[in-house]
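Colleague: Pasting a structure below so you can have a look.
The values are calculated or read from the model by the stated rules, or taken from the named source; none is laboratory data. Owing to the predicted nature of the structure, the values given are computational and were not obtained by experimental measurement. Please note: Cβ atoms are built from the backbone with ideal geometry, for glycine as well, and neighbour counts cover all protein chains shown. Each accessible area value is taken on the protein alone, full model and side chains, heavy atoms only, with ligands, DNA and RNA left out. Shrake-Rupley method; radii C 1.70, N 1.55, O 1.52, S 1.80 Å.
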Amino acid sequence: MEAELTRGTRPKIALMALIGYFVLGIAEVFLETVGNTGAIYVIKPLLMPALLAYYISSARERDFLVVAMLAFAWIANIFFISAEYSSILIGAMFFFVFRALTIFLVFKYAGSPRLFPLLVSCIPFLFTYLYLAYHVHHRIGDGLSIFVGQCVMITFLGGLSLGNYIMVSNRPNLLLLLSTLLFAATQFIFAAKVFYTRDNYFHALAMALYVPAQYLFVKFLMTSENRSRKVLG
């Protein structure tokens, strides 16, 4: 009876959590557009807990590393709300750990293409970021090291994602590739905002991409797990 109740309740909780996540995401995009920092401090910290609730109630087996990944993303998001460099630096440190965990999870759930496809798949991301860095390095100032570090990790993640999709064009790898492309786009947006005095629209656009990117990555992990279970079964 208890097992049947759990099977009937978990999908409802998952649906509510997912709806809540995207409602919060839409609210966050609106608040970033109007620049309401006070409300952002309320809404933004709720995003990752909502996505975590979706993952816990949807996944057949919970992976502690996925929980840790979302926890580091949650902490980073909180520090990124402030425009102070010290706060951004702390947020970047947590975000580096988050990004490292995403890369590790890709290795764990999707594996890695061979070296040559991996290197070839990194090239579009590498040259795009080199071009971007060349044009914005004199404007970023103290944040250049953070930007370069993020670009290096996204380039490697992009190579993994694109390489895996080229080698095996299945649904999990498509979800991973779409997620990575959205994450990569957020880097372009944050770099472009240095040329403008009013950057709230860029923050809003970045969040509009970041919210579905996080969901797609979690969906990739769960879809990969389900496919592995079917193969083993």
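Colleague: Identify all residues within segment 84-106 that are under 14 Å from V152 (Cβ atoms) and more than 12 Å from the chain's Cα centre (by Cα); write none if there are none.
Modeller: Correct list: A92 only.
Colleague: Just the residues that are open to solvent by less than 40 Å² (accessible area, probe 1.4 Å), of a type outside the set (D, E, K, R) and either more than 14 Å from T9 (Cα to Cα) or touching a strand residue (DSSP E or B) at 6+ places or on another chain (Cβ under 6 Å) (or both), please, taken from segment 56-70.
Modeller: V66, A68, M69, L70
Colleague: Then there is this: What residue, of V168, V106, is farther than 23 Å from A204 by Cβ and open to solvent by 50 Å² or more (accessible area, probe 1.4 Å)?
Modeller: On the way: V106 fails: open to solvent by 50 Å² or more (accessible area, probe 1.4 Å).
Only one candidate passes the filter, namely V168.
Colleague: Output yes when any residue across segment 92-111 is in a helix (DSSP H, G or I) and under 21 Å from E32 (Cα atoms), and no when none is. Before you say what the answer is, go through the steps one by one.
Modeller: At the first step, the residues of segment 92-111 found to be in a helix (DSSP H, G or I) are 92-110.
Now narrow it down to the ones that are under 21 Å from E32 (Cα atoms): 92, 95.
Yes - at least one qualifying residue is present in segment 92-111.
Colleague: Is at least one residue of segment 152-161 under 30 Å from N36 (Cβ atoms) and part of a helix (DSSP H, G or I)? Outline the logic, then answer.
Modeller: As a first pass, look at segment 152-161 and keep what is under 30 Å from N36 (Cβ atoms): 154.
So of that shortlist, the ones also part of a helix (DSSP H, G or I) come out as 154.
Yes; the residues of segment 152-161 include at least one that is under 30 Å from N36 (Cβ atoms) and part of a helix (DSSP H, G or I).
Colleague: Okay, moving on. For residues in segment 74-91 being open to solvent by less than 50 Å² (accessible area, probe 1.4 Å) and in contact with a Ser or Thr (Cβ under 9 Å, 6 or more places away or on another chain), which is farthest from V42 (Cα to Cα)? Let's see the steps before the verdict.
Modeller: Taking segment 74-91 first, the residues open to solvent by less than 50 Å² (accessible area, probe 1.4 Å) are 75-77, 81-82, 87, 91.
Still in the running and in contact with a Ser or Thr (Cβ under 9 Å, 6 or more places away or on another chain): 81-82, 91.
Details: I81: 11, S82: 13, G91: 17 Å.
Top of the filtered list is G91.
Colleague: Which ones in segment 195-218 are crowded, with 17+ Cβ neighbours inside 10 Å and of a type in the set (A, V, I, L, M, F, W, C)?
Modeller: Passing the criteria: F202, A204, L205, A206, M207, A208, L209, V211, A213, L216, F217, V218.
Colleague: Only one of these is within 24 Å of A208 (Cβ to Cβ), touching a Cys at 6+ places or on another chain (Cβ under 8 Å) and of a type outside the set (A, V, I, L, M, F, W, C): T155, T180. Name it.
Modeller: Values: T180 fails: touching a Cys at 6+ places or on another chain (Cβ under 8 Å).
Among T155, T180, only T155 is within 24 Å of A208 (Cβ to Cβ), touching a Cys at 6+ places or on another chain (Cβ under 8 Å) and of a type outside the set (A, V, I, L, M, F, W, C).
Colleague: Can you say whether V120 is touching a residue at least 40 places away in the same chain (Cβ under 8 Å) and either over 23 Å from K219 (Cα atoms) or open to solvent by 70 Å² or more (accessible area, probe 1.4 Å) (or both), as far as the supplied structure shows?
Modeller: On the way: touching a residue at least 40 places away in the same chain (Cβ under 8 Å): yes; either over 23 Å from K219 (Cα atoms) or open to solvent by 70 Å² or more (accessible area, probe 1.4 Å) (or both): yes.
Against the criterion (touching a residue at least 40 places away in the same chain (Cβ under 8 Å) and either over 23 Å from K219 (Cα atoms) or open to solvent by 70 Å² or more (accessible area, probe 1.4 Å) (or both)), V120 qualifies.
Colleague: Please indicate, with yes or no, whether at least one residue in segment 1-12 is surrounded by 17 or more Cβ atoms within 10 Å (Cβ to Cβ), part of a helix (DSSP H, G or I) and either among the β-branched types (V, I, T) or modelled with pLDDT of 90 or more (or both). Steps first, answer last, please.
Modeller: Here is the first cut: in segment 1-12, the ones surrounded by 17 or more Cβ atoms within 10 Å (Cβ to Cβ) are none.
There is no residue in segment 1-12 that is surrounded by 17 or more Cβ atoms within 10 Å (Cβ to Cβ), part of a helix (DSSP H, G or I) and either among the β-branched types (V, I, T) or modelled with pLDDT of 90 or more (or both).
For (1) over 26 Å from A68 (Cα atoms); (2) modelled with pLDDT of 90 or more, each residue gets a yes or a no:
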{"residue": "K108", "(1), (2)": "no, yes"}
{"residue": "G111", "(1), (2)": "no, no"}
{"residue": "L115", "(1), (2)": "yes, no"}
{"residue": "T128", "(1), (2)": "yes, no"}
{"residue": "G141", "(1), (2)": "yes, no"}
{"residue": "N170", "(1), (2)": "yes, yes"}
{"residue": "A184", "(1), (2)": "no, yes"}
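Colleague: Just checking, how many residues over segment 41-55 are over 20 Å from T186 (Cα atoms) and open to solvent by less than 30 Å² (accessible area, probe 1.4 Å)?
Modeller: Of the residues in segment 41-55, 3 are over 20 Å from T186 (Cα atoms) and open to solvent by less than 30 Å² (accessible area, probe 1.4 Å).
Colleague: Hey, another quick one. Is it fair to say F183 is in a helix (DSSP H, G or I) and either among the small types (G, A, S) or touching a helix residue (DSSP H, G or I) at 6+ places or on another chain (Cβ under 6 Å) (or both)?
Modeller: yes
Colleague: Scan segment 164-184 for residues that are in contact (Cβ under 8 Å) with a residue 40 or more places away in the chain and within 22 Å of N226 (Cβ to Cβ) and jot them down. Before you say what the answer is, go through the steps one by one.
Modeller: Filtering segment 164-184 down to residues in contact (Cβ under 8 Å) with a residue 40 or more places away in the chain leaves 164, 166-167, 170-173, 175-176, 179, 184.
Within segment 164-184, N164, M167, N170, R171, P172, N173, L175, L176, S179 meet the criteria.
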